[in-house]
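*Asks:* Sharing a structure, written as structure tokens. Questions coming.
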Amino acid sequence: ALAAPAPRAPRAATVPHHAVAAGACAQGAASPRKRQREADDAGRLPARRPCAPRQQPRRGGLIQALVSRERSVPDARQFMTQGAGYRFKGLVARDCFDAHDGDASEVKLWFLRKRSKVVEIVAAKHMIFTLTQAGICIAFDHRTLKRICYLNTAPDEVIRSLFYNKSNESLVTVSVFRDDNYSSLKCRSTPLSRIALGQPEAGFALFESEYLGWPGFVEFDDVNSKVLTYSAREKLYKIWDLVNYTELYQIEDREIQEIKISPGIMLLIYNRSPCGERVPLKILSIQDGEELQSFEHKLIASRKIDFIEQFNERLLVKQEGCNLQMVDVRYSSILEVPSTDFLTPTAFIFLYENQLFLTFRDHHVGVWNFRGELVTHFEDHVLWHPDCNTNNIFISSQQDTIISYCKSSQQGRRGGSSTTHGAIHVSDIFTGKCLARIATPPSWADGATHARFAEALADVTALYYSEETGEIITGNKDGLIYSWRN
């Protein structure tokens, strides 16, 4: 979720649900097809002359691999894993874009003219959208490798985040402006078709009736096709339709501390009771706001709450220095995971289709199930950035592959980094196996290739994978964007 400009407690990133600043969404994974073949009725077939026996397919070939995939779920998993390895093999930095243009007439503010790192990347159709930390958003044409336009439509506009709305093929920008001292969020939707023509001014403002000053926020949920806004001045939450941005209903309750969104439902977290021993919770239908369940969760009064997260009918509750509690709200049952096994992470990503969740802490990724078990140990996936977010990692739509900017294998084993460039690692979420690496080749192999890889893999600050084109797109601290493809 993007909050108005002031510090605000981080919200857990989720897949497939994601907020305006998320780069990744997910769809349901399809199960392997099962084929059945009806037996021929030999009595009705005409007599045939003897023929030579059919040659059996060579074991280990493509036919055998396809047959194995169809017959066995584990073999299907292995087949897809091998396919992912081939898909990411031989990726090279083919194209380079520059998000900096100190002479741009559209940019008036001095700090927007400074070279700034890339913080967010979105790809849609034949366009690449990049956002820099300074607040400049640029659309590039991937076919011509040229800049199409700036998405900043006013000289004092600082764009804070992007959201690609697939339901109506538009790009939503969330911005702040100098005229109100950058204190409130303004949202704008622009059709991709008009951006492709270089007409960003053809967009229109969203939620004009709302004052989204701190600690207000806006959160986009493409799974439920909803938008959640919070106006701190009115103490009012509103739910909007993501397709046409019409208001659906309101939630007005001054005791609400936070709202969490899951597929089909919302969790309302209220302020702790005066004694601090309980926290009231309420679950609503996200479609119409109907109350589905209301209950309280018991707490230790002297301990602060590290987090309360929702995953469908389950809650994850963690207090400082205490065990993790996995609460099944249907049966009021609680499963505890020792605090020595589960340390408080800095971020979550929920994999709803696979009933798993990812945790991020101190450069490492963990995969957990709801029996409190750490189910995956990654063989080579030490993250470069300790404060990981959904702008510098990518989860595939099948929720089985994670792509991240990591320390190289040697750096990961040493536990440090002596250079400014890392590597892009592609790993299987279920097995932890590293499927592919994009790393700088040794200088003695090819000096020119080494230099180009070293430049493209230095200080990567944003990463995106286009499942439509099979390209990995990265941005670095100097505002350069690279497209990696075969």
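*Asks:* Hey, can you tell me all the residues within the stretch 437-478 that are over 20 Å from the mean Cα position of the chain (by Cα), open to solvent by less than 30 Å² (accessible area, probe 1.4 Å) and at pLDDT 90 or above?
*Replies:* Answer for the stretch 437-478, where residues must be over 20 Å from the mean Cα position of the chain (by Cα), open to solvent by less than 30 Å² (accessible area, probe 1.4 Å) and at pLDDT 90 or above: I438, A456, L457, A458.
*Asks:* Within the stretch 319-336, can you find the residues that are open to solvent by less than 50 Å² (accessible area, probe 1.4 Å), modelled with pLDDT of 95 or more and either in contact with a Pro (Cβ under 9 Å, 6 or more places away or on another chain) or not in a strand (DSSP E or B) (or both)?
*Replies:* Hits for the stretch 319-336 are C322, L324.
*Asks:* So, one more: What's the number of the condition L315 fails, among (1) surrounded by fewer than 21 Cβ atoms within 10 Å (Cβ to Cβ); (2) touching a residue at least 24 places away in the same chain (Cβ under 8 Å); (3) farther than 28 Å from A462 by Cα?
*Replies:* Failed condition: (1).
*Asks:* Does at least one position in the stretch 414-423 carry a residue that is crowded, with 19+ Cβ neighbours inside 10 Å, within 19 Å of the chain's Cα centre (by Cα), part of a loop (DSSP other than H, G, I, E, B) and at pLDDT 85 or above?
*Replies:* No - not one qualifying residue is present in the stretch 414-423.
*Asks:* Looking at this structure, is Y249 more than 26 Å from the chain's Cα centre (by Cα), open to solvent by less than 50 Å² (accessible area, probe 1.4 Å) and among the hydroxyl-bearing types (S, T, Y)? Step through it out loud before you land on a result.
*Replies:* Values: more than 26 Å from the chain's Cα centre (by Cα): yes; open to solvent by less than 50 Å² (accessible area, probe 1.4 Å): yes; among the hydroxyl-bearing types (S, T, Y): yes.
Considered against the rule, which asks whether it is more than 26 Å from the chain's Cα centre (by Cα), open to solvent by less than 50 Å² (accessible area, probe 1.4 Å) and among the hydroxyl-bearing types (S, T, Y), Y249 comes out as yes.
*Asks:* Only one of S397, S339 is touching a Gly at 6+ places or on another chain (Cβ under 8 Å), open to solvent by 10 Å² or more (accessible area, probe 1.4 Å) and either of a type in the set (S, T, Y) or assigned to a strand (DSSP E or B) (or both); which? Please lay out each step first, then the result.
*Replies:* On the way: S397 fails: touching a Gly at 6+ places or on another chain (Cβ under 8 Å).
None of the others qualify; the one that does is S339.
*Asks:* Now a separate question. Going through S170, S262, S189 one at a time, which residue ends up being in contact with a Ser or Thr (Cβ under 9 Å, 6 or more places away or on another chain) and surrounded by fewer than 20 Cβ atoms within 10 Å (Cβ to Cβ)? First the steps, then the outcome.
*Replies:* On the way: S170 fails: surrounded by fewer than 20 Cβ atoms within 10 Å (Cβ to Cβ); S262 fails: surrounded by fewer than 20 Cβ atoms within 10 Å (Cβ to Cβ).
From the options S170, S262, S189, the qualifying one is S189.
*Asks:* From the list E201, E234, E219, E157, which residue is open to solvent by 50 Å² or more (accessible area, probe 1.4 Å) and either closer than 30 Å to E258 by Cα or touching a helix residue (DSSP H, G or I) at 6+ places or on another chain (Cβ under 6 Å) (or both)?
*Replies:* Answer to the selection: E234.
*Asks:* Restricting to the stretch 277-312, give me the number of residues that are in contact (Cβ under 8 Å) with a residue 24 or more places away in the chain, open to solvent by 60 Å² or more (accessible area, probe 1.4 Å) and assigned to a strand (DSSP E or B).
*Replies:* Final tally of qualifying residues: 2.
*Asks:* Which pairs do you get when a residue that is of a type in the set (D, E), found in the stretch 186-199, comes within reach of a residue that is open to solvent by 10 Å² or more (accessible area, probe 1.4 Å) and at pLDDT below 95, reach meaning Cβ atoms under 9 angstrom, with the pair 6+ apart or on two chains?
*Replies:* Correct list of pairs: empty, since none qualify.
*Asks:* Give the number of residues within the stretch 435-486 that are in a loop (DSSP other than H, G, I, E, B) and over 19 Å from K125 (Cβ atoms). Step through it out loud before you land on a result.
*Replies:* Let us first name the residues in the stretch 435-486 that are in a loop (DSSP other than H, G, I, E, B), namely 439-446, 457, 459, 467-470, 477-479, 486.
Imposing the further condition that a residue be over 19 Å from K125 (Cβ atoms) reduces the set to 439-446, 457, 459, 477-479, 486.
Summing the residues that are in a loop (DSSP other than H, G, I, E, B) and over 19 Å from K125 (Cβ atoms) in the stretch 435-486 gives 14.
*Asks:* Restricting attention to the stretch 204-216, and to residues there that are open to solvent by 10 Å² or more (accessible area, probe 1.4 Å) and not in a strand (DSSP E or B), which single residue is nearest to L171 (Cα to Cα)?
*Replies:* Checked the stretch 204-216; the qualifying residue nearest to L171 (Cα to Cα) is F207.
*Asks:* How about the stretch 371-382: which of its residues are touching a Phe, Trp or Tyr at 6+ places or on another chain (Cβ under 7 Å) and open to solvent by less than 40 Å² (accessible area, probe 1.4 Å)?
*Replies:* Residue satisfying the conditions is T376 alone.
The values are calculated or read from the model by the stated rules, or taken from the named source; none is laboratory data. What you are looking at is a predicted structure, and each value in this text was computed from that prediction instead of being measured. A quick note on method: Cβ atoms are made from the backbone with ideal geometry, for glycine too, and the neighbour counts reach across all protein chains shown. We work out accessible area using only protein heavy atoms, side chains counted, and drop any ligands, DNA or RNA first. Shrake-Rupley method; radii C 1.70, N 1.55, O 1.52, S 1.80 Å.
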